[in-house]
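S.K.: Sharing a structure below in structure tokens format, with a few things to ask.
Nothing in this text is a laboratory measurement; each read-out follows from the coordinates by a stated rule. Please read all numbers here as calculations on a predicted model, not as lab measurements. Backbone-built Cβ (ideal geometry, glycine too); neighbour counts: all protein chains shown.
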Amino acid sequence: MMPGMELPAWAALLTAVLLVLGAGLALTGSLGLLRLGSFYERVHAPTLGTTLGTAFVSSASAICFSVLQTRPVLHEILILVFITVTTPVTLMLLVRAALFRDRAEATSMMPGGTQSRGVRTHRPPDP
Amino acid sequence: MSAQVLSWSLVVAQAMLALALTCAASRMLWGPRAQDRVVGLDTFYVNAMLLLLTLGIQSGRTLYFEAALVIALIGFVGTVALAKFLMRGEVIE
């Protein structure tokens, strides 16, 4: 059964546009995750999908169900708020863990290589 | 006419999200290091949650919304636990 049969035209078109926009942003973020070069470049690509993509898709769902049930159905706001709050927390924890591991191994995969300021913090300044 | 536009956009959005799921899964499989795999897992569960939301719009039931909310909660906890494990070597200390 398709709910589009009972939806008025403006709601159906708005839902369609928001859905395609949100899915396209999520796809762009995942392609960035697949294609970018180093870990520190890759880690911020999926946030495109987690913020704007989730906002568009959940607002499309809210509009669709609000028009279908002729009352405000706003429980998609829960998902939006939760994802928007938790994404920076997880990514900051993950990047700190990755920095810790890279510093422990002293690899050159860090931004700026071994010459970056993060490694040199424990060295005395040059005279 | 608008109903057809909505159903085709649902199909297009689901195809895009399936492609995004494939990208995240391949990063999770072939990520060179452990943190790449964890970022792939994070992206994977967010894309799966968006796919469940589009399935909910397609079927017109609010059952999928609850599954999406549970996936968001469990995925956050899982990613934080994995980041803690990468940082310290154990989850609960």
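S.K.: Once you have the alpha carbon radius of gyration of region A:8-106, what is it after dividing by 2.2 N^0.38 Å, with N set to its residue count? Walk me through the numbers on the way to the answer.
M.R.: Working: Rg = 17.3 Å, N = 99, 2.2 N^0.38 = 12.6 Å.
Compactness ratio reported: 1.37.
S.K.: Quickly estimate the mean residue ellipticity at 222 nm for chain B, helices only: each DSSP H run with n ≥ 4 gives -39500 (n - 2.57), and the total goes over all residues, rounded to 500.
M.R.: It lands at -31000 deg cm²/dmol.
S.K.: Please list, in order along region B:75-88, the HN-Hα scalar couplings obtained from phi with the Karplus expression 6.51 cos²θ - 1.76 cosθ + 1.60 (θ = phi - 60°), rounded to whole Hz, x for Gly and Pro.
M.R.: x, 4, 4, x, 5, 5, 5, 5, 5, 5, 5, 5, 6, 10
S.K.: Related question: What order, most packed first, do the peptides A:20-31, B:66-77 have when packing is the mean number of other Cβ atoms within 10 Å of each residue? Don't skip to the end; give the middle numbers.
M.R.: Details: A:20-31: 23.6, B:66-77: 16.7.
Highest mean packing first, the order is A:20-31, B:66-77.
S.K.: Pop out the ³J(HN,Hα) list for region B:20-28 in order, Karplus 6.51 cos²θ - 1.76 cosθ + 1.60 with θ = phi - 60°, rounded to Hz; leave Gly and Pro as x.
M.R.: For region B:20-28, the Karplus curve yields 5, 5, 5, 4, 5, 5, 6, 5, 6 Hz.
S.K.: Once you charge only the Cβ atoms, +1 for Lys and Arg and -1 for Asp and Glu, what is the size of the charge dipole of chain B about its Cα centre, to the nearest 20 debye?
M.R.: On the way: 6 positive and 5 negative charges, 26 e Å.
About 120 debye.
S.K.: Of B:MET16, B:MET28, B:MET49, which is the most mobile in a GNM of chain B whose springs link Cα atoms less than 10 angstrom apart?
M.R.: Of the options given, B:MET16 has the highest mean-square fluctuation.
S.K.: Report, please, the projected area of the protein assembly as shown averaged over directions, based on the convex hull of its C-alpha atoms, in nm². Numbers along the way, then the final one.
M.R.: Numbers: hull surface 56.1 nm².
Its average projected convex-hull area is 14.0 nm².
S.K.: Here is a follow-up. Once phi is turned into θ = phi - 60°, what whole-Hz ³J(HN,Hα) does the Karplus curve with 6.51, -1.76 and 1.60 give for every residue of region B:40-53, x standing for Gly and Pro?
M.R.: For region B:40-53, the Karplus-derived couplings read x, 5, 4, 5, 4, 6, 5, 5, 5, 5, 5, 5, 5, 5 Hz, x marking Gly and Pro.
S.K.: Per 5 Å bin, what percent of the C-alpha pairs of region B:2-88 does each bin hold, from zero upward?
M.R.: 3, 15, 20, 20, 17, 11, 8, 4, 2, 1, 0
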